[in-house]
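Beneath this line is the structure, given in structure tokens, with notes to follow.
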Amino acid sequence: MVKAILRLTIRALQTLEELLYGPPPAPPKPTPPRPDPKPDPGITTARRRVAILGGGVGALTAAYELTRTPELRAKYELTVYQLGWRLGGKGASGRNAALGQRIEEHGLHVWMGHYENAFAMIRDVYGALGRRPDQPLATWRDAFTRHSYIVLGESPEQTGAGWELWPFDFGTNSEEPGDGRPLPTVFAMLQSLIGTLRNLLAGPHRGDDAPPLVAAPPPDYPEWVDQERQLAAREAAAAGRAPADEPLRSPALAPVPSAEHLHQLAHSLPPDPVEHRAVSHHALVHLVETTRDAVRAAAPPAGDAHPALRRLQLLVELYSAVVRGILVDGVLLHGFDVIDRWDLRAWLARHGGPPELLQSAAAQAMYGLLFAYVKGDPADQQLAAGVAVRFALRMTLAYKGAIFWKMNAGMGDTIFTPLYEVLKARGVRFKFFHRVEQLHLDAAGDLVERIELTEQAHVKGGAEYRPLVDVKGLPSWPSRPLYEQLVEGEQLERDGVDLESSWAKWDRGTAVSLVRGRDFDDVVLGTSIGPLPRIAPQLLRRHPRWARTVERIATNQTFSVQLWLGPTLAGLGWTAPPPAMTTYAERLNTWADMAHLLPRETWPEGQVQDVAYFTAPFPDARVIPPPDDHAFPARMLAELKQSALAWLPANIGVLWPAARGADGFDWSVLFDPDGGEGRDRFDRQFYKINIDPSERYVLSLPGTTEDRLDPERDRQVRNLYPAGDWIRTGLNCGAVESAVLGGMKAARALTGAARAIAGEE
């Protein structure tokens, strides 16, 4: 009888769930079996020749994977074709010899503690370098610094007053990323999130003068909830399973007892969700809703709340909605992709998130982190819920060492120089100044038959281009070509030609044609998605799967603004630890203090004491002009400059109160070796807008995950292997780790070998 009542109760709950929120999402379609590759009759040598197009993270990861062992190096012969004079793609950096050998980046680049595959690769690369202990960045540990202090900006609309800064110190731990220890499962992260929610409510709020939440009375649970808690606890004890962290022994110790009960039940369940009873998940949902409702009842009205209590309530709303959504929408069994059809804010609202949460810095943080502005417009923010939640949980609950790891030189110097040197030692050839023009398919449309390129410039004497310069003992990439090595160097330098720009005025290149069977057998497409309409029109016409990917996977522009400053950070008025900050005022909404890089530059002693990096999306031009509009880059750069010149006086005072001036900003804090006056000092800083198709940031819009190509499943062109952060990587977002995953998947598809990839769901 009890069981019958229980079944009816559960069915009633399920029916109510579906009435309120609609049916749960269907599980993803099963992955079709990978077809056996057909032999390619064009291959005539013992080693397969692989043409790698592009030199970004995805392309070089594929090269690294294809040369990982002596056996692989005996099987594959690799050539990398790179536009312009440096590797790196969107992560390329350069040293400006005329201005203190300063580091100039495409944007703000940091690595995260959950980048398991990226760190595993770079640890191996540094191990293979064999640098002496007295050399700069001798080991990977020398190359990175832990960073744990994060700040969110809360706007006047969110606070009801002025801008307020919301700090988080995530702390560090003794783990090291890339150590081979597996990333936590979805259920393990859910348990951690529930533990975090419990801990938030386990006692009075500390750290400021905020009053504690009023303790809620013991909840009156339905009988089936208490029965499930007791049964799960008995089964856990019988199986010898201990909670990940010891729960509180008495609910009386917690202001919100249901949070403790939620924690106890979650940690009593088996680690594999397949072994869970449906009623256990319904009990978890009931308990998290009870917890949320108790906090809502105990908290003061939003307008009267102390900032700390207001933030506590926002976090409870956020964690509760995420826990509920993971349980209700089948994420535990089917993975995060099943919720990618919703925008993050819509998904949070679906699971009870109130308007104040959706408009908060806590929600906005993921949109800022993943540059989720359609066409760069802050009024049109879209981000697939599964992408956002997976990334956020790994970032905050699965990091090793620290939530962020800052590089101790430019990304080019820290990442791409070691990769280049190791790959060269492994026999990989690099062809700089090679711009991809067209991919041509064979008559059947299932093989790349020919690759057309332009050799933009020629090395004197037909020698190999040597791309690196020495900066204080560190091999580095210059911010412009080494003209003295080039036949056309004098003209390129005189005319200021940017060989990385799609709008460059340059017609002295030489056509190069690569033919399958003679020059290559396989192609790793390591370019970003932006250039594909130009370089692969035949591919897009012949293969709708590729065309849909290009049509549906959107990109936007981003920018970099770097300021070198005479005062220290404290001298600017910032009183907290050096931050990494986002969700501040548009447009320069993301800022990191990067003073730790100054020892790697060559400024006169004491003249530069701080450097600040700003980045964010930037609105697209209304019309993207054709390549013959050579003035387009200058017009967009002027727009960025005017935006920065307006933003600094209007907004910098909150961050750097000692840098306020007559018009809102004291321009004299900017270092200018030429001694400029006022706003003219900005001209000696570095600012760049990433308008080229290969530089644009790849977005993760709702409903587009299924449109991403998978190099192992989508094999319409048998010798073409896409790599990068725009394919289906598992993270499915613009990030270093996602690009590494793309390169690993491309290499795995090409070799057909079993290769474990950390974090694959």
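Each reported figure results from applying straightforward, stated rules to the coordinates on display, with no laboratory input. For clarity, every value in this text was computed on a predicted model and none was experimentally measured. Quick reminder, even Gly has a Cβ in these numbers, built from the backbone with ideal geometry, and neighbours come from all protein chains shown.
When the dipole is taken about the Cα centre of the chain, and only Lys, Arg (+1) and Asp, Glu (-1) are charged at their Cβ, what size is it in debye, to the nearest 20? Let's see the in-between values first.
Working: 82 positive and 92 negative charges, 401 e Å.
Charge dipole, the chain, about its Cα centre: 1920 debye, nearest 20.
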*Sorted by packing (mean other beta-carbon atoms within 10 Å per residue), highest first, where do 587-599, 169-181, 64-76 land?*
587-599, 64-76, 169-181
*Under 12 Å, Cβ to Cβ, from Ala504 - net charge with Lys/Arg +1 and Asp/Glu -1*: -4
*Among DSSP beta bridges whose residues both lie in the chain, state the antiparallel percentage, nearest 5.*
75
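Structure shown: which of Lys406/Lys472; Lys75/Lys460; Lys431/Lys472; Lys406/Lys745 lie over 24 Å apart, alpha-carbon to alpha-carbon?
Lys75/Lys460; Lys431/Lys472; Lys406/Lys745
For n ≥ 4 DSSP H runs only, could you compute -39500 (n - 2.57) per run for the chain, divide by its residues and tell me the 222 nm figure to the nearest 500? Numbers along the way, then the final one.
Details: 23 runs with 255 residues, N = 761.
Mean residue ellipticity, 222 nm, calculated: -10000 deg cm²/dmol.
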*For segment 282-319 and segment 544-590, write down the distance between their C-alpha centroids in whole Å.*
31
*Treat the count of other C-beta atoms within 10 Å as a stand-in for reagent exposure and order Thr159, Thr396, Thr510 from fewest to most.*
Thr510, Thr159, Thr396
*asked:* Projecting each Cα onto the charge dipole of segment 555-690 (Lys/Arg +1, Asp/Glu -1 at the beta carbon, about the Cα centre), which of Thr590, Ala650, Gly661 comes out farthest on the positive side?
replied: Thr590
*With θ set to phi - 60° and the Karplus curve 6.51 cos²θ - 1.76 cosθ + 1.60, what are the ³J(HN,Hα) couplings of segment 182-195 in order, to the nearest whole Hz, using x for Gly and Pro?*
x, 6, x, 6, 4, 5, 4, 5, 4, 4, 4, 5, 5, x
*asked:* Can you tell me the orientation of helix 57-66 relative to the chain, as the angle in degrees between its alpha-carbon axis and the longest Cα principal axis, to the nearest 10?
replied: 80
*Taking amide H positions as placed in the peptide plane 1.01 Å from N, state which residues far from Arg660 in sequence (5 or more) or on other chains have amide H under 5 Å from it.*
Asp666
_Surrounding net charge for Gly427, when Lys and Arg each add one and Asp and Glu each subtract one, Cβ distance under 11 Å_ = +4
*If each residue's Cβ is checked for other Cβ atoms within 10 Å, how do Asp226, Asp674 rank with the fewest at the top?*
Asp674, Asp226
*What is the local net charge at Ile535, summed over the other residues whose Cβ is closer than 12 Å to its Cβ (Lys, Arg +1; Asp, Glu -1)?*
0
*C-alpha long axis of helix 307-328 to longest principal axis of the chain, angle in °*: 90
*Which of the peptides 675-688, 523-536 is most tightly packed, and how do the rest follow, going by the mean number of other Cβ atoms within 10 Å of each residue?*
523-536, 675-688
*Jot down the radius of gyration and Dmax of segment 555-690, Cα atoms only, both in angstrom.*
15.5, 49
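Give the order of Ser700, Ser643 when sorted by the count of other beta carbons within 10 angstrom, beginning with the fewest. Provide the component values of the computation, followed by the final result.
Details: Ser700 29, Ser643 20.
If I rank by nearby Cβ atoms, fewest first, I get Ser643, Ser700.
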*Taking H placed 1.01 Å from N in the peptide plane, check which residues at least 5 places from Leu441 or on another chain put their amide H under 5 Å from its amide H.*
Glu449
*Over the chain, how many percent of alpha carbon pairs lie in each 20 Å bin up to the one with the longest distance?*
15, 48, 31, 6, 0
